[in-house]
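**Student:** Input: one structure, supplied below.
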Amino acid sequence: MIADLFAESRTLTLDPGAMLLGGFALGVAPALLEGVAAIAAAAPFRQMATPGGRRMSVAMTNCGAAGWVTDAAGYRYATADPLSGRPWPAMPPAFRDLARRAATAAGFAGFDPDACLVNLYRPGARMAPHQDIDERDMGEPIVSVSLGLSATFLWGGAARGDPKRRLRIDHGDVLVWGGPARRTFHGIAPLAAGTQPDTGETRINLTFRRAL
DNA sequence: AAGTATCT
DNA sequence: CGTT
């Protein structure tokens, strides 16, 4: 059946423990973007500094009990926004629900994120390949939601120098990785300029983690 | 090094 | 290469 073939083509296994769920978040994308606006009103996007002193091209904020931060002191999770001293905005129920459903679809039932890093990419913004290794329990997966402008996702291997696959990720796509793929090096190529109906000239990424 | 520059 |  054509519909089944289409549905099949929307899911791609990258490696054992790593899946691209094409369009998985499309239906809730408007609700997610409303949530992002509310979060940014309370905890504005800001370009953090790496421990090496370079300003990141991606602007970030967080919601949930913990938020990922970086500054001269290093990479870590913080329960308060360093800009305001107040707790990060609560994780909207629609965020948590989407993350849990995506994790379950990828074989990680029971995922309960306590942190959501919100990344804002403008044209030229990028994320150099890295591992997500600041979380306490590496047995918990990562759920990454793409909204707005399409991007090129770089999917590497267990070592920094491993070759990277280049995957186009579009509005509503969700990537989930865990288990044997949990420490895979990954990144985002410099964002190409463009316009998208829901987010204008930007890409928004929501990355859900169990941090604490 | 979740950063960049520079060379083959 | 270096406010890792």
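**Student:** Among A:Leu12, A:Leu21, A:Leu32, determine the one that fluctuates most according to a GNM of chain A built with springs between C-alpha atoms less than 10 Å apart.
**Tutor:** Maximum among the listed residues: A:Leu12.
**Student:** Can you list the DSSP H helices in chain A whose Cα atoms extend at least 15 Å along the helix axis and whose mean Kyte-Doolittle hydropathy is 1.6 or higher?
**Tutor:** Values: long enough: A:29-42 (20 Å, 1.67); A:93-105 (18 Å, -0.28).
Counting only whole DSSP H runs, the qualifying helices are A:29-42.
**Student:** Per DSSP helix of 4 or more residues, -39500 (n - 2.57); summed, then divided by the residues of chain A. What does that give at 222 nm, rounded to the nearest 500? Can you show the working numbers first?
**Tutor:** On the way: 3 runs with 35 residues, N = 212.
Rounded to the nearest 500, the figure is -5000 deg cm²/dmol.
**Student:** Still on this model: Under a crude label model (7 Å from the Cα following the beta-carbon direction), how far is A:Ala189 from A:Ser150 in nanometres?
**Tutor:** Modelled inter-label distance: 1.1 nm.
**Student:** Report the rotationally averaged projected area of the stretch A:2-209 based on its alpha-carbon convex hull, in square nanometres. Don't jump to the answer; show the numbers that get you there.
**Tutor:** On the way: hull surface 45.3 nm².
In nm², the orientation-averaged hull projection of the stretch A:2-209 is 11.3.
**Student:** Looking only at the stretch A:95-124, which residues have a backbone nitrogen under 20 Å from a spot 7 Å from the Cα of A:Glu201 in the C-beta direction?
**Tutor:** What the label zone holds, given the 20 Å backbone N cut-off, is A:119-124.
Bear in mind these aren't lab numbers, they're just calculated from the coordinates by the rules spelled out. The model shown is predicted, which means the values in this text are computed figures rather than measured ones. With ideal geometry, Cβ positions are generated from the backbone for all residues, glycine too; neighbour counts draw on all protein chains shown.
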